[in-house]
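Engineer: The following block contains the structure, expressed as structure tokens.
Since every read-out is calculated from the coordinates, none of them should be taken as a lab result. Because the structure is predicted, anything quoted here is derived from the model rather than measured. Neighbour counts run over all protein chains shown; Cβ positions are idealised from the backbone, glycine included.
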Amino acid sequence: MASIYIHIPFCRSICSYCDFCKIIHDRDLVVPYLEKLESEIEDAYEHEPVSTLYIGGGTPSCLSEYETQKLIDIVKTINFADEYEFTFECNIEDIDERLLFDLKEMGVNRLSIGIESFDEAKLKFMNRKVTFKEAEDKIALARKYGFQNISIDLMYGIPYEKAKDLKKDLNLFLKLEPEHISTYSLIIEDHTMCRIRDDSNICEEEETKMYEYIETKLKKNGYDHYEISNYAKPGYASKHNLCYWNNEEYYGFGLGAAGYIKGFRYENTRSLEDYLLGNYKLDEHLVSAQEMMENEVMLGLRKMEGINLQEFFDKYEINLQDAFPVKPLIKNKELIYKDGYIFINPKYIYVMNEILLKLI
């Protein structure tokens with residue numbers, strides 16, 4: 001079984017915090033881009049049955065009807081397994097009957113909707129626009145079209161954000177009754193408007209309190225905390241993202257996409273000019289056995305259940321505790337061993353990078 005990520009870099013506007021590969025939607029560029037995307041997929045994809053497909057961006061939902069039909073034609077070249085998860089990212093303002101009809105034709109069965117917040121000050125900071133009423137109406141419309149697996153994104157830790165602002169956002173998010181909620185604290189990346197404006201993060205102590213509040217609130221409302229930033233109703237964890245966190249291989253197609261196929265990790269160019277010339281890959285390298293195990297640890301410990309020791313041994317023919325210094329971290333309770341799994345102590349999950357540095 002294969003997993004595929006497809007990147008559509010076009011957006012109607014650029015969010016202040018976004019460092020993903022993105023460009024303003026330009027009708028003169030979209031079709032040439034989609035034609036090269038089709039060629040890249042044709043060259044590399046070996047037509048294995050696909051169990052998960054994720055189309056992200058950018059903002060894939062900003063494509064016109066004609067452009068979306070071109071994308072549908074590309075997706076029709078993909079061989080799906082009998083049971084598959086197909087996620088499509090969209091913004092609330094793009095959701096209408098035409099888009100939902102096209103997504104049904106495409107085979108999409110999961111929507112990932114970037115909302116981030118309903119707070120006016122936070123939205124202005126992020127250069128986004130959305131209202132709760134609009135989100136409520138559009139999600140109801142998506143339900144009408146049969147979409148019963150919907151994920152929405154929440155961002156927190158915005159400068160000057162108060163606990164009351166987060167609580168209000170979270171209560172409104174819960175009213176939408178999504179099956180999945182992804183939560184992200186603001187990270188100020190290079191080459192973003194936030195960096196150019198010299199914005200600053202809130203203090204770490206306040207950010208940690210917000211993280212803990214989110215976790216408590218969502219758990220009380222029936223969401224499983226299955227990965228450091230992700231919560232899902234039972235049975236609705238993201239299968240595609242679990243592919244990444246389980247260190248499994250996947251294709252990455254499109255501008256700036258990354259992939260991991262046949263032991264090689266690769267990254268595509270972020271230059272649209274190069275991509276349109278057919279120069280898709282920026283770099284690739286064969287992953288060594290040691291690097292493979294390190295990735296297994298770094299990614300696997302993002303999951304709340306952690307790493308299954310038997311599965312690690314079956315995969316690498318070495319015990320995890322012989323490959324990495326886990327015993328001292330178990331002794332000081334930064335890591336926990338239970339029922340055949342090693343995982344980060346939940347009270348240290350927010351500083352997991354410090355624990356990973358001790359391991360690797």
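Engineer: Roughly speaking, what % of Cα-Cα pairs in region 113-196 are separated by over 17 Å, rounded to a whole number? Mind dumping the intermediate values first?
Structural biologist: Details: 1693 of 3486 pairs.
Across region 113-196, Cα pairs with separations above 17 Å total 49 percent.
Engineer: Report the one residue of Cys90, Phe118, Ala257 whose Cα lies farthest in the direction of the positive end of the charge dipole of the chain (charges on C-beta: Lys and Arg +1, Asp and Glu -1; origin at the Cα centre).
Structural biologist: It is Phe118.
Engineer: Sticking with this one: Any idea how far apart Glu35 and Glu291 come out in nm if each label point goes 7 Å out from Cα toward Cβ?
Structural biologist: A separation of 3.5 nm, rounded to one decimal place.
Engineer: Which is farthest toward the positive dipole end of region 207-347 among Leu242, Asn221, Thr208, measuring Cα position about the Cα centre, with Cβ charges +1 (Lys, Arg) and -1 (Asp, Glu)?
Structural biologist: The listed residue farthest towards the positive side: Asn221.
Engineer: Continuing with this model, one more query. So what J values fall out for region 139-147 if you push phi through Karplus, 6.51 cos²θ - 1.76 cosθ + 1.60 with θ = phi - 60°, rounded to Hz, Gly and Pro as x?
Structural biologist: Each residue of region 139-147 in turn: 5, 4, 5, 4, 4, 4, 8, x, 7 Hz.
Engineer: Here's something else I'd like to know. Net charge near Gly57, counting Lys/Arg +1 and Asp/Glu -1 over other residues with Cβ under 12 Å of its Cβ?
Structural biologist: 0
Engineer: Per residue of region 80-91, in order, report the coupling 6.51 cos²θ - 1.76 cosθ + 1.60 (Karplus, θ = phi - 60°) as ³J(HN,Hα) in whole Hz, putting x for Gly and Pro.
Structural biologist: 8, 5, 4, 10, 9, 10, 10, 9, 10, 7, 8, 9
Engineer: About the Cα centre, and with charges only on the beta carbon of Lys, Arg (+1) and Asp, Glu (-1), how big is the dipole of region 303-360? Nearest 20 debye, please.
Structural biologist: 300
Engineer: OK, next. With θ taken as phi - 60° and the coefficients 6.51, -1.76 and 1.60, list the Karplus ³J(HN,Hα) couplings across region 217-230 in order, rounded to whole Hz; mark glycine and proline as x.
Structural biologist: 5, 6, 4, 4, 9, x, 9, 7, 8, 9, 8, 3, 10, 10
Engineer: So what does log10 I(q)/I(0) come out to for the chain at q = 0.08, 0.10, 0.15 Å⁻¹, using the Debye formula with one equal point on every Cα and no solvent?
Structural biologist: For the chain at q = 0.08, 0.10, 0.15 Å⁻¹, log10 I(q)/I(0) is -0.41, -0.67, -1.54.
Engineer: Around Ile8, which amide H atoms from residues at least 5 apart in sequence, or from another chain, sit under 5 Å from its own amide H, with H modelled in the peptide plane?
Structural biologist: Gly56, Gly57
Engineer: Consider just the alpha-carbon atoms of region 1-154 and return their Rg together with their Dmax, both in angstrom.
Structural biologist: Expressed in Å, the Cα Rg and Dmax of region 1-154 come to 15.5, 47.
Engineer: If you take every residue apart from Tyr337 with its C-beta less than 12 Å away from the C-beta of Tyr337, what net charge results, scoring Lys and Arg +1 and Asp and Glu -1? Don't skip to the answer; put the middle values down first.
Structural biologist: Details: positive: Lys327, Lys331, Lys333, Lys338; negative: Glu334, Asp339.
Local charge sum for Tyr337: +2.
Engineer: With a sphere of radius 9 Å drawn around the Cβ of Gly157, what net charge do the other residues whose Cβ falls strictly inside it have (Lys, Arg +1; Asp, Glu -1)?
Structural biologist: Here the count lands on -3.
Engineer: Ok, one more. If a cysteine in the chain has no other Cys Cβ under 4.7 Å from its own Cβ, put it on the list, ordered by number.
Structural biologist: Within the chain, the cysteines lacking a partner Cβ under 4.7 Å are Cys11, Cys21, Cys62, Cys90, Cys194, Cys203, Cys243.
Engineer: From the Cα gyration tensor of region 303-360, with a ≥ b ≥ c the square roots of its eigenvalues, which class applies: rounded if a/c is under 1.5, or else prolate if a/b is larger than b/c, or else oblate?
Structural biologist: Verdict is prolate for region 303-360.
Engineer: Continuing with this model, one more query. Show the residues, 5+ positions off or on another chain, whose built amide H is closer than 5 Å to the amide H of Glu85.
Structural biologist: Thr52, Leu53
Engineer: Could you calculate the FRET efficiency of Ile24 with Tyr337 from 1/(1 + (r/R0)^6), where r is the beta carbon distance between them and R0 is 51 Å, rounded to 0.05?
Structural biologist: So, using R0 = 51 Å, E works out to roughly 0.55.
Engineer: Would you mind calculating the gained length between Glu83 and Glu206 on full extension (0.36 nm times residue separation, minus the Cα-Cα distance), in nm to one decimal?
Structural biologist: 40.1 nm
Engineer: Sorted by mean Cβ packing within 10 Å, highest first, what order do the peptides 263-275, 326-338, 247-259 take?
Structural biologist: Listed from highest to lowest mean packing, they are 247-259, 263-275, 326-338.
Engineer: Looking at the chain only, what percent of DSSP beta bridges run antiparallel? Nearest 5 please.
Structural biologist: In the chain, DSSP labels about 40 percent of beta bridges as antiparallel.
Engineer: Counting Lys and Arg as +1 and Asp and Glu as -1, each charge on the Cβ, what is the dipole of the chain about the Cα centre in debye, to the nearest 20?
Structural biologist: 1380
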